[in-house]
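Input: a single structure, listed below in structure tokens.
The values are calculated or read from the model by the stated rules, or taken from the named source; none is laboratory data. Remember, it's a predicted structure, so these values are computed and weren't measured experimentally. With ideal geometry, Cβ positions are generated from the backbone for all residues, glycine too; neighbour counts draw on all protein chains shown.
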Amino acid sequence: MVQWAKNDQMHSWKAFTPLALTLKRALGSGYDEHVASRAVDASWSSGARERAIYRFLTGDEPLPEAQRIALRPTQKIMATDGCSTMAAHNVVFRVRAGEGAAEGGAEVRSEHLRGADEAVGGAVAALKLLESQGVLAASLRAIAVGSSTSVEHGTRSIISRLPTVFKVTPSSLRAWGLWTPRAEHAALAITAAAAVAPRYFRGRQVLVPPGGRVGTLVAINGDCAAVAFDGADAKVVTVSTQALFELNQPHVMPIDTDGEGPLLFLEDGIRCYYAKPLSKVRLKEFKYLFCQLLSRS
């Protein structure tokens, strides 16, 4: 069985297709493939891939369409006009204010009632305080090796209140206290400028197929592109526009959003779990460094 995401730029489905056809002719009914256009599609989720493997091995379809159903709790209440009605609750507190640990619950404290951005901002401020005190690095080392100290427990508690930084906006970073208004404004201005700027323009340095040598783009004329090389062997060559684009487009790494949180697959088997404590802190550090750079602009 073959499983493939077509947008995996490290493993070209187009290049593998002839071999797939050969396998299909040779194996007949013993060959099956599960192909998705993009790694972020629902058809490439771990559940979809596991169902495809199960169907290939057993011939049965265990779950034709996986569905996730969420129901909001309802309660019969009195409306402002005196009539009874059914209220659907979006937020549910599972303990009541005043209930202590001795009564089987935990007291609802003020931090439980804060807005999301306010709670995250408090955690970010607490991390900055640990860094200024010179204990953050030691705490992160303790978390990495799995040791148990009071400082490590305190740091874990702070990190648990941090959100998973996967897809965020400049406004979110400013609301969390990671970015200044100046950095937010600069990021939005750069995004707006990049949105209308051409990606491939005369004078841009590009990787030239097939070897990946660096050249300077001269012109794009339909299916062909002209690229100039500098140096002792200065010359202008013509290459396929499609091949040029495939070599110079942004690299799209496969991402799995199932399980414990977003999981980014890098090269050589390296993975980044966005929801892990150390990943959360390191990504916050990167965002803060970007803030310092953007604030200068």
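Details
- Test: residue 205 is in contact with a Ser or Thr (Cβ under 8 Å, 6 or more places away or on another chain), of a type in the set (S, T, N, Q), surrounded by fewer than 14 Cβ atoms within 10 Å (Cβ to Cβ) and modelled with pLDDT of 90 or more: yes
- You will find that of 187, 194, the residue that is under 30 Å from residue 247 (Cα atoms) and surrounded by 16 or more Cβ atoms within 10 Å (Cβ to Cβ) is 187 and no other.
- Whichever residue in the range 213-232 is not hydrophobic (A, V, I, L, M, F, W, C) and not in a strand (DSSP E or B) and, among such residues, is modelled with the lowest pLDDT: 231
- Odd one out for residue 238 among (1) closer than 27 Å to residue 47 by Cβ; (2) in a strand (DSSP E or B); (3) polar (S, T, N, Q): (1)
- Sole residue being among the charged types (D, E, K, R), surrounded by 13 or more Cβ atoms within 10 Å (Cβ to Cβ) and within 30 Å of the chain's Cα centre (by Cα), chosen from 6, 14, 24: 6
- Among the residues examined, residue 242 does not qualify as farther than 23 Å from residue 4 by Cβ and over 27 Å from the mean Cα position of the chain (by Cα).
- Unique residue being among the small types (Gly, Ala, Ser), free of Cβ contacts under 8 Å to residues at least 12 places away in the same chain and closer than 25 Å to residue 42 by Cα when the list is 261, 231, 269: 269
- Of the helices (runs of 4 or more DSSP H) entirely within the range 105-175, those holding at least 1 residues that are modelled with pLDDT under 80 and touching a helix residue (DSSP H, G or I) at 6+ places or on another chain (Cβ under 9 Å) occupy 116-132, 136-145, 150-160.
- Selection count, the range 8-35, where residues are closer than 20 Å to residue 255 by Cα and touching a Lys or Arg at 6+ places or on another chain (Cβ under 7 Å): 3
- Unmet requirement for residue 170, which otherwise passes all of (1) without any contact (Cβ under 8 Å) to a residue 24 or more places away in the chain; (2) farther than 13 Å from residue 288 by Cα: (2)
- Some residue of the range 60-68 being exposed (fewer than 10 other Cβ atoms within 10 Å of the Cβ), modelled with pLDDT under 65 and either in contact with a helix residue (DSSP H, G or I) (Cβ under 9 Å, 6 or more places away or on another chain) or outside any loop (DSSP other than H, G, I, E, B) (or both): yes
- Every pair of residues 6+ apart whose Cβ atoms lie under 6 Å, when the first sits in the range 37-63 and is in contact (Cβ under 8 Å) with a residue 12 or more places away in the chain while the second is surrounded by 13 or more Cβ atoms within 10 Å (Cβ to Cβ) and among the small types (Gly, Ala, Ser): 39/5; 44/5; 44/36
- The requirement of being on the phi < 0 side of the Ramachandran plot and part of a helix (DSSP H, G or I) is fulfilled somewhere in the range 195-212, by at least one residue.
- Selection from the range 260-284 of residues that are loosely packed, with under 15 Cβ neighbours inside 10 Å and either assigned to a helix (DSSP H, G or I) or in contact with a helix residue (DSSP H, G or I) (Cβ under 8 Å, 6 or more places away or on another chain) (or both): 267, 268, 269, 278, 282
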